[in-house]
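*Asks:* So that we are looking at the same thing, I have put the structure below in structure tokens.
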Amino acid sequence: MCGIFAYTGNNGKNAGEVLLDGLSSLEYRGYDSAGIYLPESGIVKSTGAVSQLRRKLPAGYFGKSGIAHIRWATHGEPTEINAHPHKDCSGNIWLAHNGIVENYKELREKLTELGHTFLSATDTEVLAHLIEEHLKVEKDFERAALAALREVKGTYGLAIAYALEPEKVIAARMGSPVVLGLGENERFIASDASPILKHTSQVVFLEDGEIAVITPTKHDIFKLDGGRIERKAEKIDWNVEAAQRGGYQHFMLKEIMEGPEVVENTLRGRLLEKEGLAKLGGLEGVADEIKKAERMIIVGCGTAYYAGLTGEYMLEEHAGIPVEVELGSEFRYRHPVLNPKTMLLAVSQSGETLDTLEAIREGKRRGALTLSIVNTVGSTIARETDAGVYNHAGPEIGVASTKALVSQLTALSLLTIFLGRQRRMSIETGQEIARELQAIPDKIRSILERRTEIERLAKKYAKARDFLYIGRKYNYSIAFEGALKLKEISYIHAEGCGAGEMKHGPLAMIDEHFPTMAIATSDSVYEKVASNIQEIKARKGPVIALATEGNHEIAKAADDVIYVPKTIEMLSPILNVVPLQLFAYYFAKEKGYNVDRPRNLAKSVTVE
Ligand code: F6R
């Protein structure tokens, strides 16, 4: 999730200042490198935050228009070369991009054959060269941009500048947000309204498949086929912070709401549904070692550890690989027996969690093949492991991990198909998992649409001082994750428990003041969990059941029911975790806590 920002005006303002200032308010979208291009003053790029870019600007850096970018790396390490804006061979076309060009390899090969030279490792750079190629035929900047974008597969929010028409900037949107700002003799393009609001509250939101051409006094919107669109400006009265949160009250809610796109982005270009295969480019370099591997150990901390636990069930059942899951903090201090046929897989959103990193280092010392599922490109874990899979979930700002977990579970499902099809998984099973995975985003959408029901329940139970979460098999770890979410932002006692373990101790805690969230979706252990619910009810414990749509029976046993759509058992955790995240969010909100910054916690734990 990068941020783009562009400006054109004829009112004496320095575009350089406007752009740098605006980039700072987009910094929550990425912070590994930044860049700015003004046709009148040229390009400046830097790694790190906007303040570092500012320090590099030469004296007299001035212009009336320009484009700028703050990067969250997806393809290519966060270096200065890979920072945006990127240019074509002539140095006249420059662009800033938020999104992923899926067919960039094919395009790059084609353009290289045509004589184009590439400088960076990014997917974005092909776009500048593609426009350059079309410009040779079209002889017109706008028509060339349209023709080029018609060839692109993937997602983009784009700002494109052309040195020979410096007053003009082109915006384009496909799957990544783009807002136009309409000021007095000035126009803006941005990933969200936050950098625009200081200048104007009049905005136009682009839709997918649209491009806009802005000059200081005009904006024209077209469809990719060239057809013109009329759209009225809207007035928004959010403040900058609300705009960064997309109008949501907290980042945590915004990030939960991003679930469907996060799954789409994690899957993008990686599923071959017809063949029942998963393509994980990041693992290609160690393909032989992976084929020969005999076991896997997954390491992680907190939520990432719970993702690993679900991964164990997926990989053992469908890929036939023996898997163990360990907390990074434990693994590093015992003496694990590893060899080159052991795959040690780190799961980490930040890629910087010290315990997970040290577990990987320990694994390396002991000869294991080290792999990672990491969200932050170029992070230490991503760099130090032999190979890996990036989540592409975008930066997670809320301290409580939500969308990252949804993405980690999706990536582990892909890994299960990938490893399973090399081993014992049939093509039919591969196809079925692939098909079901593709349906997950819409199913998450339908859960999110009913979030007010979950809010109502959270308010009903918000006075509880204890909460038990039970689940079994694939949802065993999700019970622990549900409890972790509640305790970390509500500061109440919440406990996860394998449903089958209740009678071995935890049942003793139950009385009419001790509610239970029971994950009881329709799967191979449903009957067992349904019996556990009866046992709790017999002790007067209030029960909220998380059940599959259509199960009306359960409403007779439980006090309240949250329904989720049906999917295959292996993928049910991806759906089930979403209502638990929402429940924790509304519960903490009801208690009046700052859900994005829970006390005593930090987003990235780089100490022991
Ligand atoms: C809980 C949470 C933490 C992290 C853990 C690992 O909501 O966010 O438990 O999951 O600190 O962090 P990463 O994934 O960055 O290694």
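The values are calculated or read from the model by the stated rules, or taken from the named source; none is laboratory data. Please read all numbers here as calculations on a predicted model, not as lab measurements. Note that we place each Cβ from the backbone using ideal geometry, even for glycine, and neighbour counts take in every protein chain shown. When the accessible area is computed, the model is the full protein with side chains, heavy atoms only, and any ligands, DNA or RNA have been set aside. Shrake-Rupley method; radii C 1.70, N 1.55, O 1.52, S 1.80 Å.
Listed here are the residues, each with its yes/no results for (1) open to solvent by less than 30 Å² (accessible area, probe 1.4 Å); (2) under 21 Å from Gly66 (Cα atoms).
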{"site": "Glu106", "(1), (2)": "no, no"}
{"site": "Glu113", "(1), (2)": "no, no"}
{"site": "Val126", "(1), (2)": "yes, yes"}
{"site": "His129", "(1), (2)": "yes, yes"}
{"site": "Asp140", "(1), (2)": "no, yes"}
{"site": "Leu149", "(1), (2)": "yes, yes"}
{"site": "Val169", "(1), (2)": "yes, yes"}
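*Asks:* Quick one: is Gly269 part of a loop (DSSP other than H, G, I, E, B) and either within 16 Å of the ligand (Cβ to nearest atom) or in contact (Cβ under 8 Å) with a residue 12 or more places away in the chain (or both)?
*Replies:* Criteria met by Gly269.
*Asks:* Touching a residue at least 60 places away in the same chain (Cβ under 8 Å) and within 16 Å of the ligand (Cβ to nearest atom), is that true of Leu484?
*Replies:* Yes: the conditions hold for Leu484.
*Asks:* In the stretch 382-433, what residues are part of a loop (DSSP other than H, G, I, E, B) and within 12 Å of the ligand (Cβ to nearest atom)?
*Replies:* Result: Asn391, Ala393, Pro395, Glu396, Ile397, Gly398, Val399, Ala400, Ser401, Thr402.
*Asks:* So which of Gly175, Gly157, Gly181 ends up being in contact with a Gly (Cβ under 7 Å, 6 or more places away or on another chain) and open to solvent by less than 10 Å² (accessible area, probe 1.4 Å)?
*Replies:* Selected residue: Gly157, the only one of Gly175, Gly157, Gly181 that is in contact with a Gly (Cβ under 7 Å, 6 or more places away or on another chain) and open to solvent by less than 10 Å² (accessible area, probe 1.4 Å).
*Asks:* Please state which of the following conditions Glu264 fails to meet, knowing it meets all the rest: (1) touching a residue at least 60 places away in the same chain (Cβ under 8 Å); (2) open to solvent by 30 Å² or more (accessible area, probe 1.4 Å); (3) in contact with a strand residue (DSSP E or B) (Cβ under 6 Å, 6 or more places away or on another chain).
*Replies:* For Glu264, the exception is condition (3).
*Asks:* Sticking with this structure for a sec: Among the residues of the stretch 368-405, count how many are at pLDDT 95 or above and small (Gly, Ala, Ser).
*Replies:* Count: 7.
*Asks:* What number of residues within the stretch 283-317 satisfy the criterion of being in a helix (DSSP H, G or I) and either at positive phi or small (Gly, Ala, Ser) (or both)?
*Replies:* 7
Residue by residue, here is whether (1) modelled with pLDDT of 95 or more; (2) touching a Pro at 6+ places or on another chain (Cβ under 8 Å); (3) in the same structural domain as Val152 (by TED's automatic domain parsing); (4) not basic (Lys, Arg) holds:
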| residue | (1), (2), (3), (4) |
| --- | --- |
| Gly60 | no, no, yes, yes |
| Lys64 | yes, yes, yes, no |
| Trp72 | no, yes, yes, yes |
| Gly76 | no, no, yes, yes |
| Glu80 | no, no, yes, yes |
| Asn92 | yes, no, yes, yes |
| Leu95 | yes, yes, yes, yes |
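*Asks:* In the set Tyr61, Tyr28, which member is in a helix (DSSP H, G or I) and not polar (S, T, N, Q)?
*Replies:* Going through Tyr61, Tyr28 in turn, just one is in a helix (DSSP H, G or I) and not polar (S, T, N, Q): Tyr28.
*Asks:* Now a separate question. List the helices (runs of 4 or more DSSP H) inside the stretch 141-257, counting only whole elements, that have at least 3 residues being at pLDDT below 95.
*Replies:* Once the helices (runs of 4 or more DSSP H) in the stretch 141-257 are filtered for at least 3 residues that are at pLDDT below 95, what remains is 240-244.
*Asks:* Here's a follow-up. Name every residue in the stretch 360-381 that is among the small types (Gly, Ala, Ser) and either away from the ligand (no atom under 11 Å from the Cβ) or under 18 Å from Val406 (Cα atoms) (or both), in order of residue number.
*Replies:* Gly363, Gly367, Ala368, Ser372, Gly378
*Asks:* Name, by its number, the condition in (1) farther than 18 Å from Asn10 by Cα; (2) in contact (Cβ under 8 Å) with a residue 12 or more places away in the chain that does not hold for Arg55.
*Replies:* Only one criterion in (1) farther than 18 Å from Asn10 by Cα; (2) in contact (Cβ under 8 Å) with a residue 12 or more places away in the chain is unmet by Arg55, namely (2).
*Asks:* Further, regarding this structure: So Gln52 passes all but one of these: (1) under 30 Å from Arg150 (Cα atoms); (2) open to solvent by 20 Å² or more (accessible area, probe 1.4 Å). Which condition number does it fail?
*Replies:* (1)
*Asks:* Any residue at all in the stretch 76-90 that is buried (at least 19 other Cβ atoms within 10 Å of the Cβ), assigned to a strand (DSSP E or B) and in contact (Cβ under 8 Å) with a residue 40 or more places away in the chain?
*Replies:* yes
*Asks:* Right, something else. Restricting the search to the stretch 304-353, which residues are among the aliphatic types (A, V, I, L, M), closer than 16 Å to Gly367 by Cβ, open to solvent by less than 10 Å² (accessible area, probe 1.4 Å) and away from the ligand (no atom under 16 Å from the Cβ)?
*Replies:* Met343
*Asks:* Please state which one of Arg456, Arg451 is surrounded by fewer than 22 Cβ atoms within 10 Å (Cβ to Cβ), touching a helix residue (DSSP H, G or I) at 6+ places or on another chain (Cβ under 8 Å) and at pLDDT 95 or above.
*Replies:* Residue meeting the stated conditions: Arg451.
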